[in-house]
C-alpha cells in the first residue's frame, strides 16, 4: 500500500513526463521530404558506389552531382512534360533529337533538362572503378586511323574539354562512320546535332569544383584514370551499324 502523499508525488511525476513527451517526440521526429515530381523519366542509379572512383573523383562530388544535379534535370523535365502526355510517351532520345517539333512553351526546358538527363545517364556508365588505360579492338584502330595515335587523341580531347567556355561537355562521337571530337555548351546533347556519342566528359564546375576548384586540366587528367573503355567500345560497335 502507498500513502496518499506518495500517490500525489507519483501523479505529479507522471504529469510532468506527459507534458514533456510531445516535445521529446518532436525533437526525434525526422522531417518528411517533399515527394519528387512524378513523370515518365526517373533518375538511374549509379552503377557503382559514390566513393568507387576515388581518389580521382571524390565521393562527395559524386553524391551531389548524381543525387542533386542529375535528379534536378529529371524532375524539371517531368514538370515540363506534365501538360503534354503525348510527348511524355517518347524516349529521351526522341525528345531531344528533333527539338524543332516541340511546343515553344517547353522547348528550352526540354533542351536543357532533357539534354542534362541524356548526357548524365551516359556519363555514369562511361566511368568505372579501375578504369583508364587505353581502348582496344576496333575502337582503338579507329582512333589511331582518325587521330594518328591514342596519345594524339588524348591531347586533342583534353584540349577540347579545357577550352569549353564556361559550362559544357567534350565528346568523342561518330559523324556517320567517322570519329570526331566536339564540344557543346551547357547541356546540349550531341544527338541533337546528329552525332552518335561514344565517350563524353562533363566540364561543368559542379563535376569537379569541390576537389579541383579552378584546376580543370587536373580534373580532366584524373578523369582519364576512370574511363570505361569497355563501355565506349561496345557503343562504338553498336552505333557503327
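The values are calculated or read from the model by the stated rules, or taken from the named source; none is laboratory data. What you see is a predicted model, and the numbers here were worked out from it, not measured in a lab. So basically every Cβ, Gly included, is an ideal-geometry build from the backbone, and we count neighbours across all protein chains shown.
Which one of 157, 165 is out of contact with any helix residue (DSSP H, G or I) (no Cβ under 8 Å at 6 or more places or on another chain) and crowded, with 18+ Cβ neighbours inside 10 Å? If you could, list the steps in order and put the result at the bottom.
On the way: 165 fails: crowded, with 18+ Cβ neighbours inside 10 Å.
Within the list 157, 165, the selection yields 157.
What number goes with the only condition from (1) in a loop (DSSP other than H, G, I, E, B); (2) free of Cβ contacts under 8 Å to residues at least 12 places away in the same chain that residue 218 does not pass?
(1)
Out of 100, 121, I need the residue that is in a helix (DSSP H, G or I), out of contact with any strand residue (DSSP E or B) (no Cβ under 9 Å at 6 or more places or on another chain) and closer than 25 Å to residue 221 by Cβ. Which one?
Working: 100 fails: closer than 25 Å to residue 221 by Cβ.
The match here is 121.
Does residue 87 satisfy the condition of being touching a strand residue (DSSP E or B) at 6+ places or on another chain (Cβ under 8 Å), within 23 Å of residue 194 (Cα to Cα) and either touching a residue at least 12 places away in the same chain (Cβ under 8 Å) or buried (at least 17 other Cβ atoms within 10 Å of the Cβ) (or both)?
On the way: touching a strand residue (DSSP E or B) at 6+ places or on another chain (Cβ under 8 Å): no; within 23 Å of residue 194 (Cα to Cα): yes; either touching a residue at least 12 places away in the same chain (Cβ under 8 Å) or buried (at least 17 other Cβ atoms within 10 Å of the Cβ) (or both): yes.
In short, no.
Quick check on my filter: what residues within segment 189-211 are within 18 Å of the chain's Cα centre (by Cα) and over 17 Å from residue 121 (Cα atoms)?
Pass one, segment 189-211, residues within 18 Å of the chain's Cα centre (by Cα): 189-191, 197-211.
Within segment 189-211, 205, 208, 209, 210, 211 qualify.
From 193, 173, 221, grab the single residue that is in contact with a strand residue (DSSP E or B) (Cβ under 7 Å, 6 or more places away or on another chain) and at pLDDT 95 or above.
173
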